[in-house]
1. Of the conditions (1) of a type in the set (Ser, Thr, Tyr); (2) open to solvent by 60 Å² or more (accessible area, probe 1.4 Å); (3) at pLDDT 90 or above, Thr7 clears all except one; give me its number.
2. When you scan region 20-66, how many residues do you find that are on the phi > 0 side of the Ramachandran plot and either of a type outside the set (D, E, K, R) or modelled with pLDDT of 95 or more (or both)?
3. Can you tell me how many residues within region 42-59 are open to solvent by 90 Å² or more (accessible area, probe 1.4 Å) and of a type in the set (A, V, I, L, M, F, W, C)?
4. If Ile14 satisfies all but one of (1) closer than 16 Å to Lys63 by Cα; (2) loosely packed, with under 15 Cβ neighbours inside 10 Å, what's the number of the condition it fails?
5. Scanning for something touching a His at 6+ places or on another chain (Cβ under 7 Å) and of a type in the set (Lys, Arg), does region 22-29 turn up at least one residue?
6. Determine the pairs where a residue that is under 13 Å from Leu23 (Cα atoms), located within region 47-59, has a partner that is in a loop (DSSP other than H, G, I, E, B) and open to solvent by 30 Å² or more (accessible area, probe 1.4 Å) with Cβ atoms under 6 Å apart, the partner being 6 or more residues away or on another chain.
7. Go through region 17-41 and give me each residue that's open to solvent by less than 30 Å² (accessible area, probe 1.4 Å) and of a type in the set (Val, Ile, Thr).
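The values are calculated or read from the model by the stated rules, or taken from the named source; none is laboratory data. What you see is a predicted model, and the numbers here were worked out from it, not measured in a lab. Cβ: placed from backbone, ideal geometry, glycine included. Neighbour counts: every protein chain shown. Areas reflect the complete protein model, heavy atoms only, side chains present, ligands, DNA and RNA absent. Shrake-Rupley method; radii C 1.70, N 1.55, O 1.52, S 1.80 Å.
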Amino acid sequence: MLKIAFTTSELEAIDKEVNFTPLQKKIIKDKRDELSNTQICMKHNLSQSSLSRELKKIADKIKKVL
């Protein structure tokens with residue numbers, strides 16, 4: 001599970017370095033707002049596996065810039 005423990009300024013700096021898709025940006029915002037994976041899936045009409053793949057892509061992109 002991806003835990004977003006960055007400050008707003010840190011996320012903005014990462015966002016400038018990484019090309020997140022619009023969906024990935026929405027997922028990051030939802031995780032920062034502490035929505036559950038189920039809530040995020042329902043909000044964006046995603047399956048659990050699709051959300052898991054997107055979370056992995058987000059984590060991989062963040063790891064590359066850190």
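1. (3)
2. Step one: filter region 20-66 for residues on the phi > 0 side of the Ramachandran plot, giving 34, 45.
Those left that are additionally either of a type outside the set (D, E, K, R) or modelled with pLDDT of 95 or more (or both): 45.
The qualifying residues number 1.
3. Residues that pass the stated criteria total 1.
4. (2)
5. There is at least one residue in region 22-29 that is touching a His at 6+ places or on another chain (Cβ under 7 Å) and of a type in the set (Lys, Arg).
6. From region 47-59, the pairs are Leu55/Leu2.
7. Of the residues in region 17-41, the ones open to solvent by less than 30 Å² (accessible area, probe 1.4 Å) are 18, 20, 24, 27-28, 30-31, 40-41.
Passing the criteria: Val18, Ile27, Ile28, Ile40.
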